[in-house]
1. From the square roots a ≥ b ≥ c of the eigenvalues of the alpha-carbon gyration tensor of the range A:32-301, which class results: rounded (a/c under 1.5), prolate (a/b over b/c), or oblate?
2. Remind me, relative contact order of the range B:6-210 in percent, using alpha carbon pairs under 8 angstrom and six or more residues apart?
3. Non-local amide H neighbours of B:Val57 (under 5 Å, H modeled in plane, Pro and chain starts lacking H): which ones?
4. Per residue of B:84-95, what is the mean number of Cβ atoms on other protein chains within 10 angstrom of that residue's Cβ?
5. Rank-order A:281-291, A:118-128 by packing density, defined as the average count of other C-beta atoms within 10 Å over each peptide's residues, highest first.
6. Taking Cα centroids, how far is the range B:126-181 from the range B:72-88 in Å?
7. Any idea what angle helix A:230-252 forms with the longest principal axis of chain A, computed on alpha-carbon atoms, 0 to 90 degrees, nearest 10?
8. Can you give the net charge of the other residues whose Cβ lies under 14 Å from the Cβ of A:Arg89, counting K and R as +1 and D and E as -1?
Amino acid sequence: MPKGQGEVVPEAPFRSYYGQPVVKQPIWHEPHMPTYLYLGGMSGAASAMAAVARLTGHERLELAARTAAFAGGTAGAAFLVAELGRPMRFLNMLRVFKPSSPMSVGSWTLAAQGGLTSVAMGSAVTGVLPVVGDAATLASGLSGVAMATYTAVLLADTAVPAWHEAMRELPFLFAGSALASAGAAVMLTTPRALAGPARAAAVAGAVTEVVAGEVMERRLGMLGEPYRKGRAGTLMRASRALTLGGGLLATVAGRSRTLTALSGLAITAGALCTRFGVLEAGRVSARDPKYTVVPQRDRLDAGAPAHVPGR
Amino acid sequence: MAEQRMGFFTDTTVCIGCKACEVACKEWNDVPDDGFVFRATSYDNTGSLGASTWRHVAFVEQDGRWLMMSDVCKHCTHAACLDVCPTGALFRTEFDTVVVQPDVCNGCGYCVPACPYGVIDRREDDGRAWKCTLCYDRLRGGMEPACAKACPTKSIQFGPLDELRERAQERVERLHAEGMTDARLYGESPDNGVGGTGAFFLLMDEPETYGLPPDPVVTTRDLPAMWRWAGGAALALAAGVAVCFAGRKP
Ligand code: SF4
Ligand code: SF4
């Protein structure tokens, strides 16, 4: 029976086939997938900021947010396509719309996000059709909040134990991380005097990200382990330190360019660590049969086997 | 739709571990080499199901007995792989089996971690996902799948699922009457977490011993709840952004 190292709690006894995994690990690569998750989230939250900035008349900040949303969406899409086994067939994603597939919903969301932010950016740069550009910015506020949160469902809707069971907190972790990243990107590209809302977003996002991550690891119990051990644990701890530090700095970042730069970079690095850490924790939880077998065995022993109601 | 759902009943008590099924599957379906690995744990040299291993014979050596079991895609009633496939490459056939269309799959890889049994996988050289088709082409030609045809002990039985379930029930009862109380069916119940499998098994020990999940569940069962949580987070995000701007003059 495989034993963990440095365990305080004794390992739950379980049986397996030579310690081999029961479920397959996610095959998504680094850095593509986690970078996509970061960029998509940043783009989405930046769109929400651009829309609200438009409504409240923060014009300079709106331009920065439009730019961040466009850049994140475009670069994110490139990473996602590169991740496919058959990149030339990316458009097969758009041959059907399947509500049962978060990847399908996400592809359409990304298509909307990419399209709207491109129109908004194009109009801002060229000055052509400002009304259309503004309408696209407002609409991208909606695609943006979907963009920043659907990725949590994308991960949770798998048999990967540390993801599936985290279905409640992952959306808040990702939404918080997205808000912090967008706040960071926008405050780095807006004159300090006009960047107040971006700093506020960075602080609020950082706090949400850290709290959601803590709640998740605690509630998951044994399935929280993959987020605490090994490389994933290092990444998650680094993420928390960077995000908290960056968030704290953001509260005073209005005072100098240096503080703004430090805060923005720390938050960005923290958000990236979150995505890499979550991907790695998922892999670990799929690789070790313990995380698949023990909760299922517990369910059977408790006389409450899984079933599919009403289907 | 055919009137009858077709499937496999794999009776592991008569399996002799000859791997004829693995070979027949490779031959018929033109499945590439999956690499020769000397695992040093048992006679198992294919390890697990994968993109190029559609039948996998597990060898479990226990005190006083050997367990052998030919594993395969379960062709789930509620198939997670099919539910999550964004391109529609995975589809349900007229035989109620689950098949990938290689000309549609774009290799997004989403089906791979979605399967609760760890069956489907992506071939890295070819970029697409592959798994057992339950010999869709043979079925359409009125033939039985290659593995069932090749199995010398009738451990792998192919047929209409209703008939297989009856036959399996009788077999378990007979084994119990003969004192083999370890015998149990795995996957056949329509009440389980995947709504019953089209390929089910008679096992002699707990499923995890053979590398099978003891109580799998189709991940999409919880999808409505997942969208609700994500929807809550999306609303919170929108509200959060609005609050950041509140009371700030441009
Ligand atoms: S066992 Fe896995 S690959 Fe086979 S039908 Fe079920 S979910 Fe799909
Ligand atoms: S890898 Fe192919 S079969 Fe699997 S979900 Fe993606 S498109 Fe569908």
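Taken together, the values in this text are just the output of simple stated rules run on the coordinates, not laboratory data. In this text, all values refer to a predicted model and were calculated from it rather than measured experimentally. Every residue, glycine as well, gets a Cβ built from its backbone with ideal geometry; the counts of neighbours run over all protein chains shown.
1. Oblate shape, in that a/c is at least 1.5 and b/c is the bigger or equal ratio.
2. Once divided by the residue count of the range B:6-210, the mean separation gives 29 percent.
3. B:Asp71
4. 5
5. A:281-291, A:118-128
6. Each part reduced to its Cα centre gives a spacing of 19 Å.
7. 30 degrees
8. For residues surrounding A:Arg89, the net value is +1.
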